[in-house]
Structures are given as structure tokens and as C-alpha cells.
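Contents: one structure, followed by commentary.
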Amino acid sequence: MFSKNHKSKTAVERMHIARIKEMPCGVCDAPPPSDAHHIEQESHLLVIPLCRDCHQGSFNGLHGQGRIWKTLKKTEMTVLNETIRRMYE
């Protein structure tokens, strides 16, 4: 659900999110399609590609226990850095 102050995504933001979803998972490298995880709510360019397990999985997921994140020593910022690097290769 969106707040009453929610802004619609721009064409550039929609295109960026679509591109992110076509990338492999930024944590475990699972093949696409990926979820586009927003690092900051409403910041539609600050998104990273995550498979469903690394995003919402109760054991491995960022919104769960985050065990794979801890094991691989990943953070949202390290995954964002890698995502940007991959976009420009």
C-alpha cells in the first residue's frame, strides 16, 4: 500500500527497475528474473536484483534471518556496487 504522498515512477525509473529484474541475483548469482529490492523506500534507482530466497526467504533472505548474506559477507551497499559494475560491463 502506498502513502498519500506516493509519487509515480518516472519512465527512467520504470526502465531501470525492469533492467534490474533481468539481472542475476546480486547475492547468490541465481539466474533471472529477480526481484528489485529497494534499498530506500521510494528511491527507485537504489534497487538491487535479488532472487526470491535471498530477498524474502525466511532462512537466507534479507527480510528473514539473512544467513547467506552474513556467510558471503554481503550488504545492500556491496551488492549495489556490484550491480552498477555489472550494468556497465
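The values are calculated or read from the model by the stated rules, or taken from the named source; none is laboratory data. Quick caveat: nothing in here was measured; it's all calculated off a predicted structure. Reconstructed Cβ throughout: ideal geometry from the backbone, glycine too, with neighbour counts over all protein chains shown. Note: areas computed on protein heavy atoms with side chains; ligands, DNA, RNA excluded. Shrake-Rupley method; radii C 1.70, N 1.55, O 1.52, S 1.80 Å.
In square angstrom, rounded to the nearest 10, how much accessible surface does L72 have for a 1.4 Å probe?
That residue has around 80 Å² of solvent-accessible surface.
Using only DSSP helix segments of four residues or longer, with each worth -39500 (n - 2.57), what per-residue ellipticity at 222 nm results for the chain after dividing by its residue count and rounding to 500? Before the final figure, lay out each step's value.
Numbers: 4 runs with 33 residues, N = 89.
Mean residue ellipticity at 222 nm (helix-derived): -10000 deg cm²/dmol.
Please give me the summed charge of the neighbours of L46: other residues whose Cβ is under 12 Å from its Cβ, Lys and Arg +1, Asp and Glu -1. The partial results should precede the final answer.
Numbers: positive: none; negative: E13, E40, E42, E76.
Counting the neighbours of L46, the net charge comes to -4.
When we measure straight from the Cα of K7, which lysines land under 23 angstrom away, once same-chain ones fewer than 8 places off are left out?
Once the sequence-local lysines are set aside, what remains near K7 is K21.
In the range 6-62, which trypsin sites (Lys or Arg not before Pro) are in a loop and have at most 16 other Cβ atoms within 10 Å, using DSSP for the loop call?
K7, K9
Given that just one value was derived from the coordinates, which of (1) 15.9, 49; (2) 13.1, 39; (3) 12.2, 34 is Rg and Dmax of the Cα atoms in Å?
Given (1) 15.9, 49; (2) 13.1, 39; (3) 12.2, 34, the calculated one carries the label (2).
Dipole magnitude of the chain about its Cα centre, charges +1 at Lys/Arg Cβ and -1 at Asp/Glu Cβ only, in debye to the nearest 20? It would help to have the intermediate numbers written out before the result.
Numbers: 13 positive and 10 negative charges, 23 e Å.
With only Lys, Arg, Asp and Glu charged at Cβ, the dipole is about 120 debye.
I'd like the carbon and sulfur percentage of the solvent accessible area for the chain, probe radius 1.4 Å, heavy atoms only, ligands and nucleic acids excluded. It would help to have the intermediate numbers written out before the result.
On the way: 3370 of 6080 Å².
Reported share for carbon and sulfur atoms: 55 percent.
Give me the angle, in degrees from 0 to 90, between the Cα long axis of helix 11-21 and the longest principal axis of the Cα atoms of the chain, rounded to the nearest 10.
Between the helix axis and the principal axis of the chain, the angle is about 20 degrees.
For the chain, give me every cysteine whose Cβ has no other Cys Cβ within less than 4.7 Å, ordered by residue number.
C28, C54
To test your reading of the geometry: what angle, between 0 and 90 degrees and rounded to tens, separates the Cα axis of helix 76-87 from the longest principal axis of the chain?
The angle comes out near 70 degrees.
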